[in-house]
Amino acid sequence: MEVRWSPEAAESLAGIAHDGTAWISDISTPALILCGTSDRLVHPSHSARLAQSMQNARLVRLDGAPHFFHWECADDFNREVLAFLAEQKSVNAIARVAQEVV
């Protein structure tokens, strides 16, 4: 019997099977890793392991936030992302240039 996967199921399985551990430690770009402490789909320990594997990552745990925290806790999400971006020199340089153009 041949098993046929829907595109959605195939994408989900590809995400589950993906393993970037061989190269993730090579990433030196600043990275913000966000997770919700009440995520029932992806345990926060996965985010911690990802952040520990990267050279320049910051892990932020949003207390009580669920899997879709970027929607359900949008204010917290936006605060953390904007704070992170404000610290990045390249983003600040781009913002200054953009202000000069406008």
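The values are calculated or read from the model by the stated rules, or taken from the named source; none is laboratory data. A quick note: this is a predicted structure, and the numbers were derived from the prediction, not measured. All Cβ positions, even for glycine, are placed from backbone atoms using ideal geometry, and neighbour counts span all protein chains on display.
So here's what we get for this one:
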quantity	calculated
Scan of the range 29-52 for residues that are surrounded by 10 or more Cβ atoms within 10 Å (Cβ to Cβ) and among the hydroxyl-bearing types (S, T, Y), ordered by number	T29, T37, S38, S47
Leading residue by the ranking (modelled with the highest pLDDT) among those in the range 60-71 that are surrounded by 15 or more Cβ atoms within 10 Å (Cβ to Cβ) and farther than 14 Å from V42 by Cα	V60
Matching residues, the range 1-35, being outside any loop (DSSP other than H, G, I, E, B) and out of contact with any helix residue (DSSP H, G or I) (no Cβ under 9 Å at 6 or more places or on another chain)	P7, E8, A9, A10, E11, S12, L13, A14, G15, I16, A17, D26
